[in-house]
Amino acid sequence: MHDNVYDVLSERGLIAQTTHEEEIRELLGKEKVTFYIGFDPTADSLHVGHYLQMVVMRHMQNYGHRPIALVGGGTGHIGDPSGRTDMRSMMTKETIDYNCERFKEQLSRVVDFSDDKAIMVNNADWLLELNYVDFLRDIGSCFSVNKMLTAECFKQRLEKGLSFLEFNYMLMQAYDFLMLSRKYGAKIELGGDDQWSNILAGIDLCRRKDQKQVYGMTFTLLTNSEGKKMGKTAAGAVWLDPKKTTPYDFYQYWVNVDDADVIKCLKLLTFVPMDEIREMETWKDAKINEAKRVLAYEITKIVHGADEADKVKAASEAVFGGSGVSADMPTSVIPDVVGMGVLDMLVKTGLLTSKGEARRLVQQNGLSINDAKYTDVNGVVTADMITDEGMIIKKGKKTFHRVVIEK
């Protein structure tokens, strides 16, 4: 085991950029540091991109450092332009508060909030009470517009139009660092690599206002070997909330990552020791699937608990490695399914979003029912399709679904 968490993060490939590499490493080696990461409550669940930040918080906490999860109850009223090509939609205070509650619940699965080992803070506490003129005099005077316009997060928006509302976002985020430094002694801000400009602005503000040296560190963004963001499926984001992405689908997402991405994901997203991961790096061909199962199980266990992970692992293996049926596989209960058009039935299960999409699947030989290819686009569900176990639908090679009749 390393003596310094910096070496752990570095070895696992989590660090993208640091403002003062040697000083940060030295600081993390000699004292218990309070640091923070911001989460804007733009949805009622965190997703896989946030999960990587939670893992970093946990690594830091394992070495005695104290995380602050900063939820953007204030900044959420505006929305972060970083990494966006369009302006975010506005949310009500009730929605923002509800989302913040959900975040705490999900963060608690990875980060230990007991006995003040980590705290959750809401920037609404200081941002919503601000007096605009005072803020402009006190904070706005520290920012150069020329310098702000060179920031990556604004550059890409300038052609399409950048609202003054969003332009203010950098000031607010910088002010968060100042407040967290004053109230809680926060010394480091961590965030995804798209937050680099905002983090630098906060460090600069703390230096100007309080003559305090604080630091910033960003993590690798979760991308696949082609440089595309991971954590997205045809159906949208891979969420941590089991109601939005079922534990089974969550597990399947990781079992199905590309061979080229599995080792990187094990390093970034799990706590599997590095010597075991290095061993897996030597695995070839079919054995790579074993590494994927380790990845899927470990992440599902952290996010959904060991019981749920055991259940979905068994379900997945039953479906893909054996009978093709498992009590825990995704199931739809459809009362009047006999006599229903097969295309309608496919849409009703949620496997496909429209009849057109269902028709294409059938025409392209991508549908099997009870292990037999199904090619009739005008067919209806007949009673003999429903076995004691239900009707097992297979979409493509990897997506299984069971339909049962409500009794």
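Just so you know, all these numbers are worked out from the coordinates, no wet-lab data involved. Keep in mind it's a predicted model, so treat the numbers as computed, not measured. Cβ: placed from backbone, ideal geometry, glycine included. Neighbour counts: every protein chain shown.
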What ranking do Arg25, Arg278 get, fewest neighbouring Cβ atoms within 10 angstrom at the top? Arg278, Arg25
Could you tell me what percent of the DSSP beta bridges with both partners in the chain are antiparallel, to the nearest 5? 50 percent
Using the alpha carbon gyration tensor of segment 5-219, what are the three equivalent-ellipsoid semi-axes (square root of 5 times each eigenvalue), largest first, in whole Å? 25, 21, 17
Segment 232-321: projected area of the alpha-carbon convex hull, averaged over directions, in nm²: 5.8 nm²
Based only on other Cβ atoms within 10 Å, what is the fewest-to-most ordering of Met217, Met120? Met120, Met217
How much net charge surrounds His2 when only the other residues with a Cβ under 13 Å from the Cβ of His2 are counted, with Lys and Arg +1 and Asp and Glu -1? -2
Out of all Cα-Cα pairs in segment 174-242, roughly what percent, to the nearest whole number, are more than 18 Å apart? 50 percent
Rounded to the nearest 20 debye, what is the charge dipole size of segment 232-321 about its Cα centre when +1 sits on each Lys and Arg Cβ and -1 on each Asp and Glu Cβ? 240 debye
Computed over the chain: relative contact order in percent, which uses C-alpha pairs under 8 Å that are six or more apart: 14 percent
Length gain on complete extension for the stretch Lys155 to Arg278, per 0.36 nm per residue less the alpha carbon to alpha carbon distance? 40.3 nm
So, in nm, how far is label Ala286 from label Asp125 when the simple model puts each one 7 Å beyond its Cα toward the Cβ? 5.7 nm
Give me the three principal axis extents of segment 136-259 from the C-alpha atoms, as integers in angstrom, largest value leading. 52, 38, 27
For the chain, take the alpha-carbon Rg, divide it by the Kirkwood Rh, and send me Rg/Rh. 1.03
Calculate, in nm to one decimal, what Asp138 and Glu105 gain on full extension: separation in residues at 0.36 nm each, minus their alpha carbon distance. 8.3 nm
Multiply the residue separation of Arg293 and Asn224 by 0.36 nm, subtract the distance between their alpha-carbon atoms, and state the gained length in nm to one decimal. 23.1 nm
Can you tell me the order of 143-156, 165-178, 218-231 when each peptide is scored by its average per-residue count of other Cβ atoms within 10 angstrom, highest first? 165-178, 218-231, 143-156
Order these by the 10 Å Cβ neighbour count, fewest first: Ile24, Ile119, Ile369. Ile119, Ile369, Ile24
